Structures are given as structure tokens and as C-alpha cells.
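Visitor: My questions will all concern the structure given below.
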Amino acid sequence: EKKHKVTIVGSGNWGSTIAKIVAENTKQHNDLFEEDVQMWVYEEDVVIGKDSKYYDASAGDKPQKLTSVINHHHENVKYLPGITLPSNIIANPSLVEAVKNSSILIFNLPHQFIANVCKQVGGHILPFARGISCIKGVNVTDDGVSLFSEWIGDGLNIYCGALSGANIASEIAAEKWSETTIAYDPPPMDNSRNPSPRDGSPNPGITVTDLQALSHKDCRGRTSKTKLTALPAEYPPLDHDCFRALFHRHYFHVQMVSDVAGVSLGGALKNIVALAAGFVDGRGWGDNAKAAIMRIGLMEMVKFGKEFFGETVQSQTFTETSAGVADLITSSSGGRNFRCAKKAVEQGISVDEVEQKELNGQKLQGTTTAFEVNSFLKARGLEKEYPLFTAVNDILLGNKDVNDIPNLVATVTDGA
Ligand code: NAD
Ligand code: 13P
């Protein structure tokens, strides 16, 4: 009987919070998972100042490696300060070492860095590993738009689901109650769909000797080019129950669904809307204006999903799950995209400048997503069909002003 080894790829504000959740659960469910959780850390030097409880007079102001600070003090002092991490989280600066022999890979880093990360881990993971992407963003190339869950899966030849929700990391790290949505829909032949063998009976699923290429449908209903390798029978099935055991906490309630496209798109597109909410709030227009932005934004999110992932996406994922409307609301109330956009308008500076000044290395996803989605829409002559997404990009580029928003989205409000 083997247990699943888990690696978190990424250790930022959300990466460290998810690592905390997962490490608490691997300890609790140590019949399913190895207790130690690897967390890949993009290594950097940190200075532990005099005002920190970890200040060491003998080291003084000498920079220290973030990984050794995390492993020594069990706190990510840079990206999740003030939160004690479980001691079974092992911070690892080597990506290749961190993913070695792990059957569950959780991708949790700003979307601009994922390409480079996948390039490095390719060929170093278990062929039957499965992934969960916690990344909120979409991958736009000349060929079109794709989901990071699929892009990671195709790049690494594994199946990858998605986790997204109304999940401001600092609240969850402080164990304040929230919900999340996990979309996981592997092909039906996958061993993960078969009953657990942990009752002592032989696993009726695929055995190691049967390892074979499994074909499956992608989020546009096409046969995926990725040929999956089945999970060996001696592992506990990687099914919805297993992922619920890995992520559900009393303060972090998990809803499992199958709509990977809806969950991924909800998390990515709401970041554009949250910027718009910040713009109008910064302008001093109040809650009515913000609600109007959220309403129009939600319509554009659903439209985008239906138009480009219509074969699998479900409108209810946007309107009923934590990954949809709930994330839109929380992000437009207190997310970083919202806060930085608001400050940018109040101070008359760019959102990028606020990000640099205020976030201490944390990264906004909305600014790049607005640009990427716009280049995708522009290439197809569809900018006018998505007036709010287009307005946000134009404001970020300085081509339009916040005062223009009501007129820019007027076709939507007038036509409704
Ligand atoms: P973050 O904003 O804290 O980003 C900083 C991270 O990026 C750090 O771990 C840093 O080491 C890393 N980094 C910097 N340069 C790098 C490089 N060149 N290569 C690789 N890594 C580098 O990150 P986060 O908040 O953990 O966000 C990860 C994902 O989770 C994003 O897609 C975000 O939208 C999503 N998310 C964030 C929150 C939140 O509240 N923070 C909540 C839900 C989802
Ligand atoms: P920000 O990246 O804007 O902070 O959003 C966090 C988030 O995704 C909350 O669900």
C-alpha cells in the first residue's frame, strides 16, 4: 500500500496558505497521504529586522535564505507573515527535488511564472501524478485562450483539475470560515473512479502492469492530445473523496464539481472585474456603482465562458459556486486587484506603481489578465462585445479614464 506524496509548487501568499491547509490534512489523513508536504520556494534572500521576533543579533542584518527561515521558524516571513505553518511543510528551493516522487502536484503561483516552472519540472515527475491548479489566470497565445489546468496537464502529460473560490488568503490563513470549489473530472477509465481497495479487497481498477495511455476529452469537448498514465492500484484512488480529504478543513469548506473550465475562468476573469470595482470605488462613486460593475462583469464572464468553452462550461458555475459569483464579490470588496486599482485612482498613479510600492513582492493577476484577454478579443474583433473587459484594459493603458466607464458599458445597461 502506498500513500500519496504531495508537493505544493509555489509559496506566495496563497501558496503558503494552501500549504498550511494541505499539511494539516496530510497529518490528519495519514492513511492516505505521507505526512510531510514539499513546498517549492522561489529562493530569495530576506533580512530579519530588529522588530521581528526572529531577529538574531549574531546574524544582524545579514540576508538569510527564505527556505531556511521557513524551515527553521515555520513561518513564511515575506509572503504570509504572522502565520505559523505546520512543521511538516518542507520548504525546498529545488523544483526538481520538490516534485520528485509526488503523486499529487498542487500548482499555486502567479500565472506569469508557470511556463518557466513547467519547463523545469517536465520529465522529473511521476508519469501517473495528478495536478490541481490554484492559479487564477488564463493562458493566451496566438492560437487562442486556454486554461492553466489544461495547459499544465498537456505540458506535463498528466491530468490537472482546478481549485478556485472566494478565498482571500489572509482570512483563510487566520482560519476564518470560507468556501472553495474544486473541479476534477478525470477520464472514466482512470483508476481514480474505482472503489477504494483500502477495505482489504483487491482493487478492481487498473494495476501497475496495466499502465496504459488513457485518452480523455478536453474542456472544449475535443479528444485531448495528452495520453494519461493510470494510477497504480497500490495508491488510494485519486477521486473526489481523496481531494476533499486533502483540502477540506473546518474553516475551508470544499465543494467538488466537474466543470474545470467554469471554475478556472471564474477565478481568472473576476480579477479584471475587481480592477474595475477598484476604479469606481477610488473615484468615490460608492456601492451602487460597484454593484453595477459586478453585474456587468458577471455577464461578461458567463458570455466569455459560453462563447469559448461552451461545450463543457456551465453557467451555474459562475452564478452558484464559490469560484463564480462569491469570488467576484470578495475580490471586488477586499482583494489586492481591487485595493491597488482603488489606490491608483485615489493617488493618480498607475496600478503597476501601486503594486510595486504596496505589495512587497506579491503579484497582481488582473492587470496581465486584462491585457491577455484583450489581445485575444482584439485579434477576433470582439472588443465591443465585452465592453467592461475592454474598458479596464483601456484604462490600464491610459487610453480611457474612469469617468468613461458608464458610457463605455452603456450598451450593456441600456440593452438589458
Ligand atoms: P503572490 O502574489 O504572493 O506572489 C508572489 C510569489 O511569486 C512568491 O512566492 C514569489 O517567490 C514568487 N515569484 C516571484 N518571482 C518568481 C519567479 N521569477 N518565478 C517563480 N516564482 C516567483 O502569490 P499568491 O498569492 O500565492 O498567488 C498565486 C496564485 O493564487 C495567483 O494566481 C493568485 O491569483 C491566486 N490566488 C491568490 C489569493 C490571495 O489571496 N493571495 C487567493 C486565491 C487565489
Ligand atoms: P486578489 O489577487 O485580487 O487579492 O484576489 C484574491 C482572490 O482570488 C480571492 O478569492
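The values are calculated or read from the model by the stated rules, or taken from the named source; none is laboratory data. All figures in this text were calculated on a predicted structure; none of them were measured in a lab. Note that we place each Cβ from the backbone using ideal geometry, even for glycine, and neighbour counts take in every protein chain shown. Ligands, DNA and RNA are stripped out before the accessible areas are found, and what is left, the full protein with its side chains, is counted by its heavy atoms. Shrake-Rupley method; radii C 1.70, N 1.55, O 1.52, S 1.80 Å.
Visitor: For the subset of the stretch 190-223 comprising residues that are in contact with a strand residue (DSSP E or B) (Cβ under 8 Å, 6 or more places away or on another chain) and open to solvent by less than 10 Å² (accessible area, probe 1.4 Å), which member is modelled with the lowest pLDDT? If you could, list the steps in order and put the result at the bottom.
Guide: Our first condition is that a residue be in contact with a strand residue (DSSP E or B) (Cβ under 8 Å, 6 or more places away or on another chain); within the stretch 190-223, this holds for 190, 192, 211-217, 219, 223.
With the extra rule that they be open to solvent by less than 10 Å² (accessible area, probe 1.4 Å), the set shrinks to 190, 192, 214.
Working: Asp190: 47, Ser192: 44, Leu214: 58.
Within the stretch 190-223, the match that is modelled with the lowest pLDDT is Ser192.
Visitor: Considering every residue within the stretch 121-130, establish whether at least one is farther than 26 Å from Tyr235 by Cα and either within 16 Å of ligand 2 (Cβ to nearest atom) or within 16 Å of the chain's Cα centre (by Cα) (or both). Give the steps one after another, and end with the answer.
Guide: Going through the stretch 121-130, the residues farther than 26 Å from Tyr235 by Cα turn out to be none.
Within the stretch 121-130 (the criterion being farther than 26 Å from Tyr235 by Cα and either within 16 Å of ligand 2 (Cβ to nearest atom) or within 16 Å of the chain's Cα centre (by Cα) (or both)), the answer is no, since none of the residues qualifies.
Visitor: Among Val302, Val273, which is under 16 Å from Gly137 (Cα atoms) and either among the acidic types (Asp, Glu) or within 11 Å of ligand 2 (Cβ to nearest atom) (or both)? Walk me through it before giving the result.
Guide: Working: Val302 fails: either among the acidic types (Asp, Glu) or within 11 Å of ligand 2 (Cβ to nearest atom) (or both).
Of the residues listed, the single one that is under 16 Å from Gly137 (Cα atoms) and either among the acidic types (Asp, Glu) or within 11 Å of ligand 2 (Cβ to nearest atom) (or both) is Val273.
Visitor: Let me ask you something else. Give me the pairs: first residue in the stretch 367-392 and touching a residue at least 24 places away in the same chain (Cβ under 8 Å) and farther than 16 Å from Asn271 by Cα, second residue small (Gly, Ala, Ser) and surrounded by fewer than 23 Cβ atoms within 10 Å (Cβ to Cβ), beta-carbon distance under 8 Å, and six or more apart or on different chains, which are they?
Guide: Short answer, once both residue conditions are applied: Phe376/Gly144.
Visitor: Right, something else. For the stretch 102-147, name all the residues that are open to solvent by 40 Å² or more (accessible area, probe 1.4 Å), in contact with a Ser or Thr (Cβ under 9 Å, 6 or more places away or on another chain) and more than 30 Å from Phe304 (Cα to Cα).
Guide: Answer for the stretch 102-147, where residues must be open to solvent by 40 Å² or more (accessible area, probe 1.4 Å), in contact with a Ser or Thr (Cβ under 9 Å, 6 or more places away or on another chain) and more than 30 Å from Phe304 (Cα to Cα): just Pro127.
Visitor: Which ones in the stretch 278-327 are of a type in the set (Phe, Trp, Tyr) and over 19 Å from Thr390 (Cβ atoms)?
Guide: Trp285, Phe309, Phe318
Visitor: A further question follows. Which pairs turn up if I take residues in the stretch 82-107 that are without any contact (Cβ under 8 Å) to a residue 12 or more places away in the chain and look for partners that are open to solvent by less than 30 Å² (accessible area, probe 1.4 Å) and assigned to a helix (DSSP H, G or I) with beta carbon separation below 9 Å, at least 6 apart in sequence or on another chain?
Guide: Matching pairs, first to second residue: Gly82/Ala173; Thr84/Lys20.
Visitor: Within the stretch 57-71, can one find any residue that is touching a residue at least 60 places away in the same chain (Cβ under 8 Å), buried (at least 17 other Cβ atoms within 10 Å of the Cβ) and more than 11 Å from ligand 1 (Cβ to nearest atom)? Please lay out each step first, then the result.
Guide: Keep residues of the stretch 57-71 that are touching a residue at least 60 places away in the same chain (Cβ under 8 Å), which gives none.
No, there is no match, as no residue in the stretch 57-71 is touching a residue at least 60 places away in the same chain (Cβ under 8 Å), buried (at least 17 other Cβ atoms within 10 Å of the Cβ) and more than 11 Å from ligand 1 (Cβ to nearest atom).
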